[in-house]
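Reading through the structure tokens given below for one structure.
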Amino acid sequence: MPCRAQSGHDVHWRSTMADILRIEGLTKTFRGLVANQDIAFALAPGTMRCIIGPNGAGKTTFISMISGHQRSDSGTIRFKGQDITRRSVVQRAQMGIARKFQTPSVFENLSVFQNVELAVLGTRRPAAARGARIREVLDLVRMGELADEEVNSLSHGQKQWLEIGLLIGNDAELLLLDEPTAGMTAEETHATGGLIRRLTRDLKLSAIIIEHDIHFVRDLQAPVTVLHLGRVLVEGAFAEIERNEEVRNVYLGEE
Amino acid sequence: MTGAGGQPRRASLVLLKRLAGSESGIAIPVFVFLAALPLFGSGYTVFILPQYMLYGVLALSLGLFWGFAGILSFGQSAFFALGAYTIGLSMKLGWGGGIVDSGYLGLILAVTFAAALAAVVGFFLFSVGIRDTYFVIITIELSIIAQQVAITQSQITGGGNGMFIDRMALNLGPIGSYSLEGDLAIYYFVLPFPVIIYFALRWLVGSKFGKVLIGIRENEDRLLSLGLNTSLYKTAAFALSGALAGLAGALYATHASFIAPSLGGVLFSTEVVVWVAIGGRTSLLGALLGGILVAWISTYLSAITPEYWQLVLGVLFVVVIVYFKGGVAGAVSRAIRARRALALNDG
């Protein structure tokens with residue numbers, strides 16, 4: 001059983017009945033090296049969660065097992081009540097799990113519009129509704145002006161936002177964001193925080209966000225799960241995590 | 001220019017301008033030229049050109065798969081030969097039993113068999129995640145096997161001596177049957193195939209299917225994470241590519257009246273790759289014209305310098321790969337875009 005922050009008010013976000021994502025006993029080893037060990041995790045619909053932890057804590061492995069890019073050795077993953085542990089990346093994406101990669105994975109040689117179009121083509125929306133939907137998504141990520149630009153010519157930050165736009169255009173319900181502010185300026189990082197908060201709030205999306213930037217995590221005002229050596233060290237509101245002695249020792253102290 | 005008279009003229013001008021800026025602006029004049037060519041072309045040109053048009057269709061089959069899905073195939077000749085031998089056998093053995101025209105049946109079976117072979121190969125390779133170089137190597141094997149089978153199964157294929165067949169006839173049922181023995185007749189019988197296939201593919205690459213193929217070329221992993229089953233699309237694209245190559249092969253066989261095992265070989269497949277690379281693989285018109293013109297030039301070169309023509313073509317190929325990745329079509333469209341940007345700046 002992972003130790004948790006002892007606090008009364010973490011119960012309200014840690015619902016048990018209708019979790020959009022519920023993970024039990026998730027374990028993954030790479031050639032004997034433990035990446036994730038017996039992780040229990042639950043996320044209520046329409047909520048955000050930040051995952052932090054020192055390098056090698058198993059954050060990306062954890063997200064990869066949710067998106068299907070890595071198979072777990074043991075444990076179960078339930079999404080909207082269904083066991084998806086053995087489902088493929090494609091099947092999970094079709095169910096509404098969408099992932100943003102650490103280095104932005106977009107279609108570099110295509111236009112911004114064509115990028116979002118491909119995301120929309122991955123949904124079951126009828127052909128007649130696609131054009132309007134693409135425009136809507138571009139407006140949501142504030143990239144309408146850049147629709148005809150080739151992605152090559154965008155800044156690193158804009159590519160990150162575009163990739164988030166792809167997840168929205170794909171009708172994702174659960175966003176898995178692996179370091180969405182990597183390589184961004186302070187200003188861009190701040191804007192990204194606003195974007196993620198706005199999208200999850202307005203579209204009632206759930207999100208799991210891996211982050212290194214502690215100011216960004218504070219900005220998001222979301223509960224935090226701390227991973228350390230592949231295990232859940234502690235979970236709780238940001239303020240509690242910040243105060244937690246153990247967390248300070250393994251992680252925050254390094255900053 | 002005033003009032004009522006000016007409007008339509010301006011509208012037609014706009015249409016002309018738009019046409020001139022698009023691929024169709026080149027494609028339509030080319031097809032009109034091909035349609036009019038027998039009026040002034042020599043007898044030999046009328047005889048030989050359908051063959052190059054079918055090479056053009058073969059090049060289109062690769063242009064679709066390589067240019068749009070981004071996957072190179074050295075197996076196109078295998079499908080071409082499969083189509084050729086299928087119609088050959090159908091006509092020789094009188095498949096259809098006199099009830100169904102054996103030429104038509106041969107064409108239909110050629111397309112079906114080639115599509116089926118490509119679909120089976122594609123399905124098994126793509127569904128287990130074979131990509132890039134490994135796929136290319138397996139398509140090379142496909143060509144090697146095709147040529148070997150054509151040589152060794154001599155009781156069916158005629159082996160190294162090849163297979164002679166008659167030209168099929170244009171059978172219009174109750175209206176009668178028209179011979180395609182004349183070069184002019186078969187010229188106009190073949191001509192609609194590259195035209196229709198070209199425009200059908202143009203439509204296809206603008207559809208959802210084509211857009212997903214481009215997505216596969218650009219970033220397949222991203223598409224998978226967006227819930228698109230890319231192996232299904234790749235298999236369908238390869239099957240379509242095989243079907244087109246098979247059709248081209250069948251028409252080629254009946255036009256040439258002779259099928260040689262080398263039609264299935266790696267060497268011929270490599271030529272197809274060279275045509276498409278030089279023509280420009282991301283443009284269907286580039287691939288089509290590459291097939292027609294480069295094949296034509298190769299024949300010409302082989303006549304004037306039988307020792308060195310392959311060397312000339314090889315050097316040309318290397319130059320294109322190194323300096324003009326988009327081939328001639330890519331260079332032309334870049335030049336047009338640059339001129340347009342210049343015009344915009346001046347205006």
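A few notes on this one:
- Cα centroid separation - the stretch B:166-185 against the stretch B:24-42, whole Å: 23
- Each residue of the stretch B:221-226 was assigned a 3J(HN,Hα) from its phi angle through the Karplus expression (A = 6.51, B = -1.76, C = 1.60, θ = phi - 60°), giving 4, 5, 4, 4, 6, 9 Hz with x at Gly and Pro.
- Across chain A, the mean sequence separation of Cα contacts (distance under 8 Å, 6 or more residues apart), normalised by length, yields a relative contact order of 27 percent.
- Computed from the Cα positions only, the extents of the protein assembly as shown along the three principal axes stand at 93, 73, 52 Å, in decreasing order.
- For the stretch A:136-144, 3J(HN,Hα) per residue [Karplus equation, 6.51 cos²θ - 1.76 cosθ + 1.60, θ = phi - 60°, Hz, x = Gly/Pro]: 4, 5, 4, 5, 4, 9, 6, 10, x
- Largest GNM mean-square fluctuation across B:LEU316, B:LEU13, B:LEU93, computed for chain B with C-alpha springs under 10 Å, falls on B:LEU13.
- Rounded to whole Å, sorted largest first: equivalent-ellipsoid semi-axes of the stretch B:203-268, Cα gyration tensor: 33, 13, 8
- Nearest-20 debye value, the protein assembly as shown charge dipole, Cβ charges on Lys, Arg, Asp, Glu: 1020
- Each DSSP beta bridge with both residues in the protein assembly as shown is either parallel or antiparallel, and the antiparallel ones are about 60%.
- Placing unit charges on each Cβ (+1 for Lys and Arg, -1 for Asp and Glu) gives the stretch A:147-255 a dipole about its Cα centre, and among A:VAL217, A:THR185, A:GLY236 the Cα reaching farthest toward its positive end belongs to A:GLY236.
- Amide H contacts of A:ALA237 (H built 1.01 Å from N, under 5 Å, at least 5 apart or other chain): A:VAL224
- Shielding by partners for peptide A:114-121, expressed as the average number of C-beta atoms from other protein chains within 10 Å of each residue's C-beta, is 5.
- Put simply, the amide H of A:GLN37, placed in the peptide plane, has neighbours under 5 Å in A:LYS28, A:ARG231, leaving out anything fewer than 5 places away on its chain.
- Only helices enter this figure: runs of n ≥ 4 DSSP H residues, each worth -39500 (n - 2.57), summed and divided by the residues of chain B, yield -24500 deg cm²/dmol at 222 nm to the nearest 500.
- Counting lysine pairs in the protein assembly as shown whose alpha carbons fall under 19 angstrom apart, excluding pairs fewer than 8 residues apart on the same chain, gives 7.
- Seen from all directions on average, chain A presents a Cα convex hull projection of 13.7 nm².
- Charge dipole of the stretch A:63-172 (Cα centre as origin; +1 on each Lys and Arg Cβ, -1 on each Asp and Glu Cβ, all else neutral): 680 debye, rounded to the nearest 20.
- If you take the Cα centroid of the stretch A:191-224 and the Cα centroid of the stretch B:232-260, the two points sit 53 Å apart.
- Label point 7 Å beyond Cα of B:ARG131 along Cβ direction - residues of the stretch B:61-95 with amide nitrogen under 15 Å: B:69-72
- Computed from the Kirkwood radius of its Cα pairs, the Stokes-Einstein diffusion coefficient for the stretch B:69-137 at 10 °C and 1.306 mPa s stands at 119 µm²/s.
Every number here is computed from the coordinates shown, using simple stated rules; none is lab data. Not measured: the values here are computed from a predicted model. Using ideal geometry, Cβ is built from the backbone for each residue, glycine included, and neighbour counts are taken over all protein chains shown.
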